[in-house]
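Everything below concerns the one structure shown next.
The values are calculated or read from the model by the stated rules, or taken from the named source; none is laboratory data. What you are looking at is a predicted structure, and each value in this text was computed from that prediction instead of being measured. As a convention, Cβ positions derive from the backbone with ideal geometry for all residues, glycine included, and neighbour counts pool all protein chains shown.
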Amino acid sequence: MTKYSLLLVASLMTLGFSSCEKETEFEQPPFPVGNTYLSSTFEASTLNEQAIILQMSNLAAYMKTSQVSVTVLSLDALNALYLAGNTSLSAVSQPYFRDQIDRSNGFFSNLAEASGGTYILGAPQGQGGVFENRLFDENGLEYLEVIDKGLYAAALYNRALNFMTSSMTQADLDRIVCLFGSNPSFPNSGSSNVSAPDRFMSNYAARRDKNDGQGYYTQFKNAAILAQAQIAAGSSYSSEVQNSVGKMRIAWEKASAATAINYCHSTISALSSTNPSNATIASGLHAYAECVGFIHGWKGIPQQSKIITDTQIDELLLSLNAPFNQVPSSYLFATDAANQLPKIQDVISRLQEIYSFSSSEIEDFKKNWVVEQGR
């Protein structure tokens, strides 16, 4: 066979292999992916999750009654709300955070002890109390917010992980979306401008989303829609479903971290102002407590299901003057702002490093984009 004949045979063989590959590639046609999340199963699938969310709302509402100085919270009532329902908040909480809440001298007991009094800013004295319509313990920490925002990860995200399995169904996906705080309409808004607003983590994710198709709320939504189509396409797409669910987990966690940064910005802005009023100080300490909650809630979540490590969380809590299993010194951010607030800036920098946020994202996280864009 001549040199040119060999080349011709080789070319024909290559063409033949290429044709076979193309036939194999299109042997199973791609599945359709729409632009909306289908809602036919959502209500029926999420009855337990809706009940958990109602328990979250009831607990938060009761805790907020403490912001009136004459209202004393009952430790028994707090525990009862935490244990209420067939599937209680306590049952779905990650064990570490559950222990922080209900142990002796835990979050609930500190919250109850502070209620009914008046908080005096400065070195710890008494049990704490109300200061400008916010309830702080004697160390200046607003446990209401630490509990409430911490449960977004420690209870709702922790519960969602139960449904992120290799054999997940459409009902499982519905439950994850519900626990995120959203619904099939994915409004990207927690305001009264929409009929079914986002709640809990999805509400805060919407605030961090510029509605430009790139934000973490939008990433969660798009991954959920894709996962829905992959589940409908059959079990042969289980690995693709897991990839989409992984993107949902990352978007959820990054939206939480972005919100912690937002509250760091707010803390610095309020407490670094010249001669801040009591209302401004209370607002700054409130934002600070929300930051503590959004970070602390991730401690104990299995490492394979999160980006941040428990060691990094402990380091951040130390910088936030709310160290693990130690007495906080939160008030120092108000009484010694010049020396203490750089720690808050360090937290921003550390979160930026952990989550690979860009400098422009860090700047964008200062804003509530739902309010900015009137949506």
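Among the residues of the stretch 59-109, those identified as within 16 Å of Phe131 (Cα to Cα) and part of a helix (DSSP H, G or I) are Met63, Lys64, Thr65, Ser66, Gln67. Looking at (1) in contact with a Gly (Cβ under 6 Å, 6 or more places away or on another chain); (2) farther than 30 Å from Ala334 by Cα, which is the one condition that is false for Gly129? Unmet condition: (2). Among residues of the stretch 159-171 being in contact (Cβ under 8 Å) with a residue 40 or more places away in the chain and more than 19 Å from the chain's Cα centre (by Cα), the one that is surrounded by the fewest Cβ atoms within 10 Å (Cβ to Cβ) is Ser167.
Filter the stretch 101-120 down to the residues that are within 18 Å of Ser329 (Cβ to Cβ) and in contact with a Gly (Cβ under 7 Å, 6 or more places away or on another chain) and list them by number. Hits for the stretch 101-120 are Ala114, Tyr119.
Take the conditions within 20 Å of Ala51 (Cβ to Cβ), under 15 Å from the mean Cα position of the chain (by Cα) and modelled with pLDDT of 95 or more and apply them to Asp174. Does it pass? No. Of all the criteria given as (1) at pLDDT 95 or above; (2) within 21 Å of Leu179 (Cβ to Cβ), the one not satisfied by Asn86 is (1). Could you check the stretch 195-210 and list, in sequence order, the residues that are over 15 Å from Tyr37 (Cβ atoms) and either free of Cβ contacts under 8 Å to residues at least 24 places away in the same chain or not hydrophobic (A, V, I, L, M, F, W, C) (or both)? Answer for the stretch 195-210, where residues must be over 15 Å from Tyr37 (Cβ atoms) and either free of Cβ contacts under 8 Å to residues at least 24 places away in the same chain or not hydrophobic (A, V, I, L, M, F, W, C) (or both): Ser195, Pro197, Arg199, Asn203, Tyr204, Arg207, Arg208, Asp209, Lys210.
Residue-by-condition table, conditions (1) closer than 23 Å to Asn139 by Cβ; (2) touching an Asp or Glu at 6+ places or on another chain (Cβ under 7 Å):
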{"site": "Ala279", "(1), (2)": "yes, yes"}
{"site": "Leu318", "(1), (2)": "yes, no"}
{"site": "Asn325", "(1), (2)": "yes, no"}
{"site": "Phe357", "(1), (2)": "no, no"}
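One line per residue, one yes/no per condition, for (1) touching a helix residue (DSSP H, G or I) at 6+ places or on another chain (Cβ under 9 Å); (2) at pLDDT below 95; (3) among the acidic types (Asp, Glu); (4) farther than 30 Å from Ser329 by Cα:
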position	(1), (2), (3), (4)
Val146	yes, no, no, no
Pro187	yes, no, no, yes
Asp198	yes, no, yes, yes
Tyr217	yes, no, no, yes
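The residues of the stretch 320-349 that are in contact with a helix residue (DSSP H, G or I) (Cβ under 6 Å, 6 or more places away or on another chain), surrounded by fewer than 17 Cβ atoms within 10 Å (Cβ to Cβ) and in a helix (DSSP H, G or I), listed by number, are Lys343, Asp346.
Table: residues versus (1) touching a residue at least 12 places away in the same chain (Cβ under 8 Å); (2) out of contact with any Lys or Arg (no Cβ under 7 Å at 6 or more places or on another chain); (3) within 19 Å of Met201 (Cβ to Cβ).
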residue: Ala229; (1), (2), (3): yes, yes, no
residue: Ala232; (1), (2), (3): yes, yes, no
residue: Tyr263; (1), (2), (3): yes, yes, yes
residue: Gly297; (1), (2), (3): yes, no, yes
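Per-residue answers, yes or no, for (1) surrounded by 22 or more Cβ atoms within 10 Å (Cβ to Cβ); (2) more than 16 Å from the chain's Cα centre (by Cα); (3) aliphatic (A, V, I, L, M); (4) not in a helix (DSSP H, G or I):
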residue: Gln228; (1), (2), (3), (4): yes, yes, no, no
residue: Glu240; (1), (2), (3), (4): no, yes, no, no
residue: Ala251; (1), (2), (3), (4): yes, no, yes, no
residue: Gly284; (1), (2), (3), (4): yes, yes, no, no
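In the set (1) of a type outside the set (Phe, Trp, Tyr); (2) free of Cβ contacts under 8 Å to residues at least 12 places away in the same chain; (3) closer than 21 Å to Gln303 by Cβ, the condition left unmet by Ile120 is number (3).
Looking only at the stretch 59-74, filter to residues that are surrounded by 16 or more Cβ atoms within 10 Å (Cβ to Cβ) and free of Cβ contacts under 8 Å to residues at least 60 places away in the same chain; which one of those is nearest to the chain's Cα centre (by Cα)? So, considering only residues that are surrounded by 16 or more Cβ atoms within 10 Å (Cβ to Cβ) and free of Cβ contacts under 8 Å to residues at least 60 places away in the same chain, the one nearest to the chain's Cα centre (by Cα) is Tyr62.
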